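*Asks:* Dropping the structure in here first, questions after.
The values are calculated or read from the model by the stated rules, or taken from the named source; none is laboratory data. Only a predicted model underlies this, so the values are computations on that prediction, with no experimental measurement involved. Cβ placement follows ideal geometry from the backbone for every residue including glycine, while neighbour counts extend to all protein chains displayed. When the accessible area is computed, the model is the full protein with side chains, heavy atoms only, and any ligands, DNA or RNA have been set aside. Shrake-Rupley method; radii C 1.70, N 1.55, O 1.52, S 1.80 Å.
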Amino acid sequence: MRRRYGILSGASILLPAAASAVVLNTVETFNGGLVGFGGPVNYSILTGGVDGPSDGFLAITSASPNIFATRVIQPGPFTGNYRAIGANAFRFSLLDLNSEDSVVVRVGFGIRNVNFWVSNLSFDPVFGAPWQEVTVSFDDASGWTQVIGAGGAADFELALENAETFQIRADAVADGKEPDTIAGSIGIDNVSFLAIPEPGIGLLLALLPGCFLRRSRAV
């Protein structure tokens, strides 16, 4: 199930370079199913999400070491032309569901096997901690590492305008085409694409718990 926020003032709307399934300020609550998520790990809808005991959320689980990543391929709900809808940030809530295995989480997007980017910003949820809301800016290429392709900032813009693949993935370091191979389990809830002024993003990230947020140097 997806709910809409009011449109933020000042968001710029550009003519699309590609059709967009993603919609600005729409929040995916996972009360209506998996909504296009797939990949090599197991997925299920559990209850106990951000909005209370009966609220659904997406559980992503690898019981034994496996490539740990979601895969939403066009025309999934988080693919399309991010620039055309005026988005510059991605937000979701994150929960560690496994007491034994830590999952360092990053976001990835782009064009499969051609032009793919992984966030330098990572999140390491702590088992037993409450849901944590996190935000990743894609305002410019400096916060991302190109793990497929070599075109730099120009490729970054092309990926934003033609994102056919979107991932939430395990990556201790943002330096490879494939996500980490691990065992672990996390919960994801309230996924959305937003238009946030850059100073607002910086302030939000500064307020996140230090034990949860990791900044990684691009390699």
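*Asks:* Where does each of Ser185, Ser64 land when they are ordered by accessible area, with a 1.4 Å probe and the largest first?
*Replies:* The ranking, largest first, comes out as Ser64, Ser185.
*Asks:* At a 1.4 Å probe radius, which order do Arg83, Arg112 fall into by accessible area, largest first?
*Replies:* From most exposed to least exposed: Arg112, Arg83.
*Asks:* Separate question: Write down the accessible area per residue of the range 45-152 in Å², having rolled a 1.4 Å probe over the full set of protein chains.
*Replies:* Heavy-atom accessible area per residue stands at 36 Å².
*Asks:* Filter the GluC sites (Glu not before Pro) in the range 96-184 down to the DSSP loop ones having no more than 16 other Cβ atoms within 10 Å, then list what survives.
*Replies:* The qualifying sites are Glu100.
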